[in-house]
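The values are calculated or read from the model by the stated rules, or taken from the named source; none is laboratory data. Treat the numbers as computed from the prediction; the structure is a model and nothing was measured. All Cβ positions, glycine included, derive from the backbone under ideal geometry; neighbour counts span all protein chains shown.
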Amino acid sequence: MYAIVEIAGHQYKVKKDQQLFVNRLEGKEGDSISFDKVLLTDNGTITVGAPVIEGAVVKAEILEHLKGDKVIVFKKKRRKGYMKKNGFRPFLTKIQITSLGDDDDSEKDSSKKETKSKAKKSDNQDKLTIIEGIGPKVQELLNENGINTFKDLSEQSPEDIKAILGPKGGIYSSMDPSTWPKQAEMAAEGKMDELKAWQDELDGGKK
């Protein structure tokens, strides 16, 4: 069985247990989400929506939030001497399709998914590597010092962060976290588009 469903403004052909990358979705890793804009299903008999299929739903689990590969945008106007080159990394969410069907079918295994979701939510951690300048090792170091969420990071001063990084020496001591609290504040408020636009102007988190 497969379905064609609209997710974050784009249409995808999906099957159960399939993993795919979509535009950034709200929610944390481990959350269960559903999409009700199902345009077509095929379980031996093809059903086409008008424009969507009433009662049909596709459910998925959020596996990871991440940034995609850098995209280069080059603009040029002939005979005008105008050339401009920009780049950006799109914000993406990796999901796994958990069920295809109607609302009643989806509810049958919802309790299992909700239990798993709550267990992951209890970790109360955000993916701090979304912040420009923070990699997995730095996130691990911040977590060890009680900074687990965007809100936690937004409440730190650059000096507080330097005090955590400095003792590690090497590349850590030379990092510039001056923009990290503001980036984290924007992430915590869900201003991902504004954050992405600003990050395109940053150099490894520096102004």
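Numerical summary
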| quantity | calculated |
| --- | --- |
| Hits in the stretch 3-31 - residues which are among the charged types (D, E, K, R) and farther than 14 Å from ASP42 by Cβ | GLU6, ASP17, ARG24, GLU26, LYS28, GLU29, ASP31 |
| Test result for GLY30, among the small types (Gly, Ala, Ser) and in contact with a helix residue (DSSP H, G or I) (Cβ under 6 Å, 6 or more places away or on another chain) | yes |
| Strands (runs of 3 or more DSSP E) wholly inside the stretch 1-79 containing at least 1 residues that are under 20 Å from GLY101 (Cα atoms), in contact (Cβ under 8 Å) with a residue 24 or more places away in the chain and of a type in the set (A, V, I, L, M, F, W, C) | 2-7, 10-14, 19-23, 32-35, 38-42, 56-67 |
| Residue in the stretch 157-169 that is surrounded by fewer than 19 Cβ atoms within 10 Å (Cβ to Cβ), at positive phi and under 17 Å from the mean Cα position of the chain (by Cα) present | no |
| Candidate set: the stretch 119-137, residues that are at pLDDT 90 or above and assigned to a helix (DSSP H, G or I); chosen: the one surrounded by the most Cβ atoms within 10 Å (Cβ to Cβ) | LEU128 |
| Residue match in the stretch 187-206 (condition: of a type in the set (Phe, Trp, Tyr) and more than 18 Å from LYS28 (Cα to Cα)) | yes |
| Those residues of the stretch 80-94 which are touching a residue at least 12 places away in the same chain (Cβ under 8 Å) and either among the aliphatic types (A, V, I, L, M) or surrounded by fewer than 10 Cβ atoms within 10 Å (Cβ to Cβ) (or both), in sequence order | LYS85, LEU92 |
